Amino acid sequence: MEEIIISVVQRTLVAGTPLLLGTVGEIISERSGILNLGVEGVMAVGAVTAFIVTHHTGNPWLGLCAAIVAGMLISIVHAFASVSLQSNQVVSGLALTMLGLGLAGLLGKPYVGKPLAIKINAMPIPFLSDIPIVGPVLFNQSPFFYLAILLAIGVWFMLEHTLLGIRIRSAGENPKATETQGVNVSLIRYLSVLAAGGFSAMAGAHLSISYSKSWIEGMTAGRGWIVIALTIFALWNPLRAVFGAFLFGGIFVLQYMLQPLGISPNFLAMLPYLATLLVLLVGGLRDSRRLNAPAMLAEPYRRGER
Amino acid sequence: MLHVKVSDREQISALGTFLTLVLALAAGMVAIGLLFIISGVNPFFAFKKIFSGSFGSLYGFKETITKAIPLILIGGGLAVVFKAKFWNIGAESQLLMGAIFGTWVGLNWGPSLPSPVIVPLMFLAGFLGGALWGLIPAILKLRFSINEVISTLMLNYICAEFLTLLIVGPWKSPKKFGFPYTDDLPDSAILSLLPGSRIHTATLIVAVVAVVVLTIVIYKTRFGYEVRVIGENPDAAKYAGIDFSRTTMLIMVISGGMAGLAGVGEVAGIHHYLSYPDSISSGYGFTAIIVAWLAKLNPIYVIFSAIFFAGILVGGDAIQISLGLPAATVAVFNGTLLIFLIMGDFFTKNKVRILAGERG
C-alpha cells in the first residue's frame with residue numbers, strides 16, 4: 001500500500017511539472033498585460049527542439065538549452081504582433097499555436113517513434129532522498145521538478161518583491177502611468193512574452209526528453225491550453241500555481257489508475273478537460289473583481305496615446 | 001536619425017485593404033518558402049505541386065470545392081461571432097456534435113423515410129447538435145465569466161472523446177469487421193453527389209445560401225448592427241440598451257449550428273458512417289478561423305477565402321504524397337499565413353512613415 005501511494009504521488013508530481021513550468025511563464029506574460037495563447041505551440045516547438053538536439057548530440061542538457069532558445073525565438077512572433085503592432089492578442093496567439101504545432105510536426109517527422117539513448121532521468125538528492133516516504137516522493141525526482149519548484153518560488157519573489165516585478169505588474173495594470181515613470185512598457189512586455197516562451201519550451205522539453213520514451217507527434221495533448229486555465233485558477237500567483245499544477249497532475253494520473261476498474265478509457269481521457277471547466281466554474285462563481293486579473297490584460301498599448 | 005511614425009488612417013480604402021491582403025499573403029508565401037528550404041524541400045517545386053494539385057486539374061478543383069463546403073459553413077458562422085469578439089475556437093467539436101446528431105437521425109429514422117424528408121431532418125438535427133454544443137461556452141461566459149477560448153477548446157477534447165466512446169461502444173457496428181465505425185447510413189439518408197466528383201450539392205447550396213443570408217443579416221438588420229456594436233464598442237452597446245446575453249447566445253447558436261450542418265454534410269455526403277474524429281474532420285474548425293479572418297469577417301467573402309484554403313488543404317495532401325511531408329505542413333501554412341494577415345491589418349489601419357530627424 002505504501003509503495004502504491006508513493007508511486008501515485010511521484011507520478012502526480014511528474015505529470016504536474018510541465019503544467020507548472022508553463023503556468024509560471026504564462027503568469028509573467030499576463031501580468032505584463034499580454035495574453036499569450038501560443039503556449040501549446042511553443043511547448044511543441046520546445047519538445048521537438050529538445051528531442052532533436054538530444055538525439056544528435058547525446059546531451060539532454062544541451063537539448064534543454066536549445067529548446068529554451070527556440071521557444072523564446074518563436075515567441076518573438078507574438079511579442080511583435082501584440083506589442084509592436086497592437087494586434088488582437090487572441091488571434092495572434094492562436095496563429096503562434098498553429099505555427100508551433102505545425103513546425104513540431106514537420107521537423108519531428110523523421111524522428112517519429114525513435115527512442116532517445118540518453119534522457120534526463122531522476123536525480124536523487126543525497127541524504128534527503130533517504131527520508132522515508134517524503135524522500136522518494138519529493139527528493140528522487142527529475143531535475144525538471146526541482147527546476148519548476150525553484151522557478152515558481154523565484155518568479156513569485158521577482159514579481160512581488162523586486163523592481164523588475166513591480167514594473168512588469170504595473171505594465172499590466174496601468175501602462176500609461178508606468179510609461180510616465182520612465183519605464184519602457186514595450187520592452188517590459190517583450191521580455192515578459194519571451195520569458196513565457198522560454199518557460200513553455202522547458203515544459204515541452206520535459207515531455208520529450210524526460211517524461212516520454214520516444215518522439216510522438218502531438219505529445220503536448222492540450223497541456224498548453226490547460227496552462228492558460230491554470231493561470232486563471234492560480235489568480236496570477238506563481239505559488240498558487242504550484243498547487244493547481246499538481247492537482248491537475250493528479251487528474252492525469254487518476255486516468256491510469258481508474259482504467260482497471262472497467263471505466264471507459266475515453267471517459268477517463270475527458271477528465272483533465274472536464275476538470276479544467278470545473279475549476280473555472282468555481283473561479284467564475286467568485287466576484288470577478290476579486291479575481292485579481294491584470295487590469296489591462298489583452299489591451300494593446302500605444303505609446304504617447306492619450 | 002531615422003524613426004518610424006505611426007498614425008491612424010483617416011480613411012480605409014477598399015483598394016488599399018485588398019492590396020495589403022495580397023501583399024500579406026505574398027509575404028507569407030515567402031516565409032513558408034524559407035521554412036520549406038529549412039526542411040530540405042525545394043519551395044518552387046512544393047508550391048507548384050500545391051497549385052497543380054488543387055487548382056491545376058479538373059479533379060483537383062472538384063476536390064477543392066468539396067473541402068470548401070465545410071469551410072464556407074464554419075467560416076461564415078465564425079465571421080459573425082468574431083465580429084462580436086466572441087472567440088469560438090470550438091467549431092471543430094460543434095461540427096462533430098452535428099455529425100453525431102445527424103447520424104443518429106439518419107440511422108434511426110432513415111430506413112422508414114424517403115430522402116426528401118430524412119435529409120432535411122438530418123440537417124435540422126445537425127444544426128441543433130452544433131447549436132446546443134455552441135451554447136455551452138456562451139452560457140459559461142455569460143453566467144460564470146469563463147473565458148470562451150478555453151471552454152470551447154476543452155469542449156473540443158471532450159467531444160472528440162465522446163464520439164470515440166460512441167463508436168467503440170454502443171454505436172459500434174457488428175458489420176464492420178471489428179473496426180470502430182457505426183453502421184452505414186441507409187440509402188435515403190445519403191446525399192447525392194455532382195457526377196464525377198465528391199461534391200455533395202445539397203450542402204454546397206445550403207452553405208452558399210447561408211452566407212448570403214448572414215451577410216444581409218449582419219449589414220442590413222438591427223440584429224446585425226447590434227452584433228457589430230458589441231464587438232466594436234461594448235460600452236456603447238450597454239448604453240444603447242443592447243441585450244448582450246441574448247445576442248451572444250444567438251450568434252453562438254448560428255455559429256455552432258452552421259458547424260453542425262458541416263458535420264452532417266461530411267457524414268452524409270462523404271463518409272456515410274461515423275468513425276474517428278480525425279477522419280470526420282481534418283481540422284476544418286481551425287482552418288475556418290483563418291478563412292474568416294482572410295475574409296475580413298464578411299460572410300460573403302468567406303466563399304472565396306474558403307476556396308483558397310480548401311486549395312491549400314488539397315494541395316497539402318498532394319505534397320504529402322509526392323514529397324513525403326507530414327500532415328502538419330498544412331498547419332505551418334495556416335499559422336504563417338494568419339500571422340502575416342494580422343500584420344497586414346496593422347498597415348491597413350495605420351499609416352506608417354519612416355521619417356528623418358528627431359522624434360516629433
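Of note:
- The charge dipole of chain B, taken about its Cα centre with unit charges on the Cβ of Lys, Arg, Asp and Glu (plus for the first two, minus for the last two), comes to roughly 660 debye.
- In this structure the amide hydrogen of B:ASN350, modeled in the peptide plane, comes within under 5 Å of the amide hydrogens of B:ARG9, none closer than 5 places in sequence on its chain.
- The relative contact order of chain B comes to 37 percent, based on Cα pairs under 8 Å that sit 6 or more residues apart.
- Amide H contacts under 5 Å for A:GLN141, placed H, 5+ residues apart: A:MET123, A:ILE125
- Shape of the stretch B:1-138, Cα gyration tensor, a/c cut at 1.5: oblate
- R0 of 30 Å, Cβ-Cβ distance A:LEU278-A:VAL134: FRET efficiency to nearest 0.05: 0.50
- Once the chain from A:SER214 to A:LEU147 is taken as fully extended at 0.36 nm per residue, the excess over their C-alpha distance is 21.9 nm.
- For the stretch A:33-46, 3J(HN,Hα) per residue [Karplus equation, 6.51 cos²θ - 1.76 cosθ + 1.60, θ = phi - 60°, Hz, x = Gly/Pro]: x, 10, 6, 10, 8, x, 3, 4, x, 5, 4, 5, 5, x
- Computed magnitude of the charge dipole of the protein assembly as shown (debye, nearest 20; Cβ of K, R +1, Cβ of D, E -1): 1100
- Principal axis analysis of the Cα atoms in the protein assembly as shown yields extents of 76, 72, 55 Å, listed in decreasing size.
- Per residue convex hull volume, Cα atoms of the stretch A:167-261, in Å³: 121
- Expressed to the nearest 5 percent, the antiparallel share of DSSP beta bridges inside the protein assembly as shown is 90 percent.
- Close amide H partners of B:SER173, meaning residues 5 or more places away or on another chain with modelled amide H under 5 Å apart, are B:TYR181, B:THR182, B:ASP183.
- Gyration tensor verdict on chain B (Cα atoms; rounded if a/c is under 1.5, prolate if a/b is larger than b/c, oblate otherwise): oblate
- Sequence-distant lysines (8 or more away, or on other chains) whose Cα lies within less than 16 Å of B:LYS296: B:LYS83, B:LYS85, B:LYS349
- Ignoring lysines fewer than eight residues from A:LYS213 along the same chain, the ones with Cα atoms less than 19 angstrom from its Cα are A:LYS109, A:LYS114, A:LYS119.
- In order along the stretch B:123-131, the Karplus-derived 3J(HN,Hα) couplings, from 6.51 cos²θ - 1.76 cosθ + 1.60 at θ = phi - 60°, round to 4, 4, 5, x, 4, 4, x, x, 5 Hz, and Gly and Pro are given as x.
- Once the Cβ-Cβ distance of A:ILE5 and A:ILE76 is raised to the sixth power relative to R0 = 51 Å, the FRET efficiency obtained is 0.70.
- Hz values of 3J(HN,Hα) by residue in the stretch B:234-243 - Karplus curve (6.51, -1.76, 1.60), Gly and Pro given as x: x, 5, 4, 4, 4, 5, 6, x, 7, 7
- Rounded if a/c under 1.5, otherwise prolate or oblate - the stretch B:110-219, Cα gyration tensor axes: oblate
- Ordering of A:85-96, B:92-103 by burial proxy (mean other Cβ atoms within 10 Å per residue, highest first): B:92-103, A:85-96
- Computed from the C-beta positions of A:ALA177 and B:VAL212 and an R0 of 51 Å, the FRET efficiency is 0.55 to the nearest 0.05.
- Annotation note: trypsin sites (Lys or Arg not before Pro) in the stretch B:153-209 located in DSSP loop regions with a Cβ neighbour count of at most 11 within 10 Å are B:LYS175.
- 10 Å Cβ neighbours from other chains, averaged over peptide B:152-165: 6
Throughout, read-outs are computed from the coordinates displayed, never taken from laboratory work. Just so it is clear, the model here is predicted, and its values are computed rather than measured. With ideal geometry, Cβ positions are generated from the backbone for all residues, glycine too; neighbour counts draw on all protein chains shown.
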